[in-house]
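Asker: I am attaching a structure below and will ask some questions about it afterwards.
Each value in this text was obtained by applying a stated rule to the coordinates, not by laboratory testing. The structure presented is a predicted model; accordingly, all values stated were derived computationally and were not measured. Here the Cβ positions follow ideal geometry from the backbone for every residue, glycine too, while neighbour counts run over all protein chains shown.
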Amino acid sequence: MQPTTVRGHVGHWVVIWSCLALLGISGCAFKPGYVRGEKTDVPNRWKVDRLEPGGLSDDQRATLEQRGSPTYVRFFREVYTREPVYAWIYAGQDEAVETVWFAGGKRIEAVAVDSDPSAFRPSTRRYARTALLVGTGAAIVPTVILLANR
């Protein structure tokens with residue numbers, strides 16, 4: 001058994017505290033995109049210059065005549081049915097924002113939406129991911145076992 005010196009313990013503590021300080025500094029270095037000045041585009045949103053009333057439903061045409069063209073149109077999917085939902089976003093000069101929702105061309109007041117544009121339900125996506133993982137495992141495990149027994 002070798003005697004330990006105080007100097008050996010101090011060296012370990014210096015390394016530990018240095019690592020902790022570096023971790024703390026790296027945690028503070030992260031900033032959201034809007035603070036760093038990076039682009040923060042919203043997915044599935046389009047700036048509207050002018051809407052053509054020809055392809056609009058009756059409710060959409062009435063809203064267009066009453067309110068004018070929206071500033072943006074954003075695409076969502078309804079959570080349970082996965083039907084397309086469009087939000088017409090009116091951004092005012094005084095930073096007030098109003099949203100008019102349309103599902104199937106009809107104006108609606110409230111809807112549960114999902115920003116994922118996939119037409120597949122979350123449960124379907126979960127089942128597909130699980131099947132992919134199981135299939136990959138079923139292909140890899142026998143290969144690894146065969147290679148290990150060589």
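Asker: Only Lys, Arg, Asp and Glu count, each charged at its Cβ (+1, +1, -1, -1), so figure out the dipole size of segment 90-150 about its Cα centre, rounded to 20 debye.
Answerer: Result for segment 90-150 is approximately 700 debye, rounded to the nearest 20.
Asker: Cβ under 12 Å from Pro70's Cβ, Pro70 left aside: what net charge do those residues give with Lys, Arg +1 and Asp, Glu -1?
Answerer: With Lys, Arg at +1 and Asp, Glu at -1, the neighbours total +3.
Asker: How big is segment 36-119 along each principal axis, measuring the range of its Cα positions in Å and listing the largest first?
Answerer: 44, 34, 21
Asker: Could you work out how far apart the two model spin labels at Ala110 and Glu83 are, taking each label as a point 7 Å from the Cα in the direction of the beta carbon, and quote it in nm?
Answerer: 1.7
Asker: What is the fewest-to-most order of Ile16, Ile108 by other Cβ atoms lying within 10 Å of their Cβ? The partial results should precede the final answer.
Answerer: Details: Ile16 10, Ile108 13.
Ascending Cβ contact count within 10 Å gives the list Ile16, Ile108.
Asker: Separation between the Ala128 and Asp59 pseudo-spin-labels, each 7 Å from Cα along Cα→Cβ, expressed in nm?
Answerer: Modelled inter-label distance: 2.8 nm.
Asker: Something else about it: So for Asp58, Asp49, Asp116, fewest C-beta neighbours within 10 Å to most, what's the order?
Answerer: Asp49, Asp58, Asp116
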